[in-house]
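Visitor: Encoded as structure tokens, here's the structure I'll be asking about.
Nothing in this text is a laboratory measurement; each read-out follows from the coordinates by a stated rule. This is a predicted model, so every value here is computed, not measured. With ideal geometry, Cβ positions are generated from the backbone for all residues, glycine too; neighbour counts draw on all protein chains shown.
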Ligand code: ADP
């Protein structure tokens, strides 16, 4: 049994803005099931406080130094489905409308990380492994090794760091090194934390962590190149002996068309045709689309940003809409993309539906109702939506990048194998070509379509294999 502390800034069932929350909500469950002592620590955001605060147990009040002032930390705990969660409360830093995107994000998450490191002392809980996720927790390994090295309890901790998205790095001016992080200037002078004349939380984590993982083997290779490395490729190449890719899984209880309480009709691989028809009609009625159980429905559930390849879809909107399909989009993000999608809906009533915003229940309904799921990402560290869509029998159409390449083997007419459709170059004509093939197959070769859907629904997208890989990494570090 290994003692593991997961440090992250979002996690289900408490708070979610993206795939990281899914991972924090599901990987620990699997590790617990395999007999490990795994605990999770999160900031206590406003949305969490509103819904859960009454249930939490107050643990301690203590102080950490931020901006040369002793700053209060209120620590809470909560046991949910046998997992212990800790919450760091600071109303000024975390009880805001959004999770991220504030000018003082560096200071907010420096505070969080300091509070987490001091929490170990306060609780006298010292894990063998601290597993940190993304830039918001990138300074933990460094602060632990530089500031707590005199204390054997901290010195024994091994650090695993997972990169969920290299594009978000947490780069700040150098002043906070002393004022917020309490680190000596030598870590800047020797280059360990320095990036572009400032400091980078992401780079620091890559330098200091004992093992670095990212969320798919293909992305682990890609980020060592200039094309995908976001200017950290040389640091990643320097650490490549300790860098590997482990594909995420999905929570199979939450995402299960046979039991999902959020969809109109449950179904499995045997009954998917009637199940999808019922879900399609229910969604069409809900969103004001023409009711037609036979029309092919394309789904898209995504942050609307350049990363997700939404521009390719916008470029081809006219051609897509001219096909015998319906298009349902759920997401929010860049204003220009939202505007184009609003226009598309207004000009194609009954055929296109766009829900602008974040809506958990609607996401389930779209996965269940759609036949094809669009995910032509420019880059994609792992991607969860394509795995969810496969489980719901909505075949993913993806660009062969990052985790999409690892998880969606394309249908090959020569062998009859595959679970979706894919194209290589970031080019909307290539995407369109594959889309035409899929549409043709859907209407004109129903047996083949059925075979692909059943293969997709049977594909293992669970955490079982990947959790074993993480355990292997932990064991390597602890010498078990
Ligand atoms: P990323 O983390 O880059 O946003 P992933 O594919 O890894 O992308 O994870 C996205 C997760 O967020 C999926 O569970 C998806 O269903 C969900 N999601 C994305 N946008 C929305 C939205 N607008 N409403 C509800 N769920 C969403």
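Visitor: Hey, what angle do you get for helix 464-478 against the long axis of the chain, alpha-carbon based, 0 to 90 degrees rounded to 10?
Guide: The two axes meet at around 20 degrees.
Visitor: Next question, about the same structure. Mind listing P(r) for region 1-53? All alpha-carbon pairs, 10 Å bins, whole percents.
Guide: It works out to 25, 50, 23, 2, in whole percents.
Visitor: Could you tell me, in Å, what Rg and Dmax come out for the Cα atoms of region 22-150?
Guide: Gyration radius and largest Cα-Cα distance of region 22-150: 14.6, 43 Å.
Visitor: Taking R0 as 60 Å, what's the FRET efficiency between residue 444 and residue 125 from their Cβ-Cβ distance, rounded to 0.05? Numbers along the way, then the final one.
Guide: Numbers: r = 61 Å, r/R0 = 1.01.
Rounded to the nearest 0.05, the efficiency is 0.50.
Visitor: Also, quick follow-up: Considering the convex hull of the alpha carbon atoms of region 241-360, report its projected area averaged over all viewing directions, in nm², one decimal.
Guide: Values: hull surface 39.8 nm².
If you wrap the Cα atoms of region 241-360 in a convex hull and average its projections, you get 10.0 nm².
Visitor: Tell me the Kirkwood radius of region 138-180: reciprocal of the mean inverse pair distance over distinct alpha-carbon atoms, in Å.
Guide: Details: mean 1/r = 0.0814 Å⁻¹.
For region 138-180, inverting the mean 1/r across all distinct Cα pairs yields 12.3 Å.
Visitor: Between the alpha-carbon centers of region 232-265 and region 150-167, tell me the distance in whole angstrom.
Guide: 20 Å
Visitor: How many angstrom lie between the Cα centre of region 3-72 and the Cα centre of region 359-403?
Guide: For region 3-72 versus region 359-403, the Cα centre distance is 27 Å.
Visitor: Helix 428-444 sits at what angle to the longest principal axis of the chain, using alpha carbons and giving 0 to 90 degrees rounded to 10?
Guide: That works out to roughly 50 degrees.
Visitor: Sticking with this one: So how much slack lies between residue 98 and residue 303, counting 0.36 nm per residue of separation and subtracting their Cα-Cα distance, in nm? Working shown, then result.
Guide: On the way: separation 205, 0.36 × 205 = 73.80 nm, distance 1.51 nm.
Extending this stretch completely gives an extra 72.3 nm.
Visitor: Could you tell me the relative contact order of region 67-112? Use alpha-carbon pairs under 8 Å, at least six residues apart, and round to a whole percent. Spell out each step's value before the answer.
Guide: Working: 26 pairs, mean separation 12.3, N = 46.
Over region 67-112, the number comes to 27 percent.
Visitor: Output the direction-averaged projected area (hull surface divided by four) of the convex hull of the alpha-carbon atoms of the chain, in nm². Walk me through the numbers on the way to the answer.
Guide: Working: hull surface 89.3 nm².
Approximately 22.3 nm², given one-decimal rounding.
Visitor: May I pose another question? On C-alpha positions alone, give me the angle between the axis of helix 335-347 and the longest principal axis of the chain, in degrees, nearest 10.
Guide: Approximately 20 degrees, to the nearest ten.
Visitor: Which value does Rg/Rh take for region 221-305 over its C-alpha atoms, Rh per Kirkwood?
Guide: Values: Rg = 20.7 Å, Rh = 16.9 Å.
Ratio value, two decimals: 1.23.
Visitor: Quick one: Debye curve from the C-alpha atoms of region 415-462, no solvent, what's log10 I(q)/I(0) at q = 0.13, 0.19 Å⁻¹?
Guide: Evaluating at q = 0.13, 0.19 Å⁻¹ gives log10 I(q)/I(0) of -0.35, -0.69.
Visitor: Related question: Could you give the alpha-carbon Rg of region 64-113 over 2.2 N^0.38 Å, rounded to two decimals?
Guide: Numbers: Rg = 12.6 Å, N = 50, 2.2 N^0.38 = 9.7 Å.
Compared with the compact-globule rule of thumb, region 64-113 sits at 1.30.
Visitor: How long are the semi-axes of the ellipsoid equivalent to region 266-307, from square roots of 5 times the Cα gyration tensor eigenvalues, in whole Å, largest first? Numbers along the way, then the final one.
Guide: Numbers: eigenvalues 100, 47, 15 Å².
So the equivalent ellipsoid measures 22, 15, 9 Å along its semi-axes.
Visitor: Between region 120-144 and region 293-336, how many Å separate their Cα centres?
Guide: 40 Å
Visitor: Can I ask one more? Taking every pair of alpha-carbon atoms in region 102-240, what share in percent sits in each 10 Å bin, from 0 to the bin with the longest distance?
Guide: 12, 45, 34, 9, 0
Visitor: Rounded, prolate or oblate: pick one for region 370-440, where a ≥ b ≥ c are the square roots of the eigenvalues of its C-alpha gyration tensor, a/c under 1.5 means rounded, and failing that, prolate if a/b is larger than b/c, else oblate.
Guide: rounded
Visitor: Can I ask one more? Take the alpha carbon gyration tensor of region 189-233, find the square roots of its eigenvalues, order them as a ≥ b ≥ c, and report rounded if a/c is under 1.5; if not, report prolate when a/b exceeds b/c, else oblate. Numbers along the way, then the final one.
Guide: Numbers: a/c = 3.03, a/b = 1.55, b/c = 1.95.
Cα axes put region 189-233 in the oblate bin.
Visitor: Taking 8 Å as the Cα distance limit and 6 or more residues as the minimum spacing, I'd like the relative contact order of region 69-187 as a percentage.
Guide: Working: 111 pairs, mean separation 25.9, N = 119.
Relative CO of region 69-187 lands at 22 percent.
Visitor: From the P(r) of region 391-480, can you give the percent of Cα pairs sitting at distances over 18 Å?
Guide: Working: 2120 of 4005 pairs.
Roughly 53 percent, rounded to a whole number.
Visitor: Further question on the same structure: Over the chain, calculate the relative contact order: mean separation of alpha carbon pairs under 8 Å at least 6 apart, over the residue count, as a percent.
Guide: Value for the chain: 12 percent.
Visitor: Starting from the Cα gyration tensor of region 326-425, take the square roots of the eigenvalues, sort them a ≥ b ≥ c, and report rounded, prolate or oblate (rounded when a/c is under 1.5, otherwise prolate if a/b is larger than b/c, else oblate). Please report the intermediate quantities before stating the final value.
Guide: Values: a/c = 1.88, a/b = 1.67, b/c = 1.12.
Prolate is the answer for region 326-425, as a/c is 1.5 or above and a/b outweighs b/c.
Visitor: At 222 nm, what value in deg cm²/dmol follows for the chain if DSSP H runs of at least 4 each add -39500 (n - 2.57) and the sum is divided by all its residues, to the nearest 500? Can you show the working numbers first?
Guide: Values: 21 runs with 193 residues, N = 480.
About -11500 deg cm²/dmol.
Visitor: Write down the Kirkwood hydrodynamic radius of region 287-356, to one decimal in angstroms, obtained as one divided by the mean of 1/r over all alpha carbon pairs. Don't skip to the answer; put the middle values down first.
Guide: Values: mean 1/r = 0.0822 Å⁻¹.
It works out to 12.2 Å.
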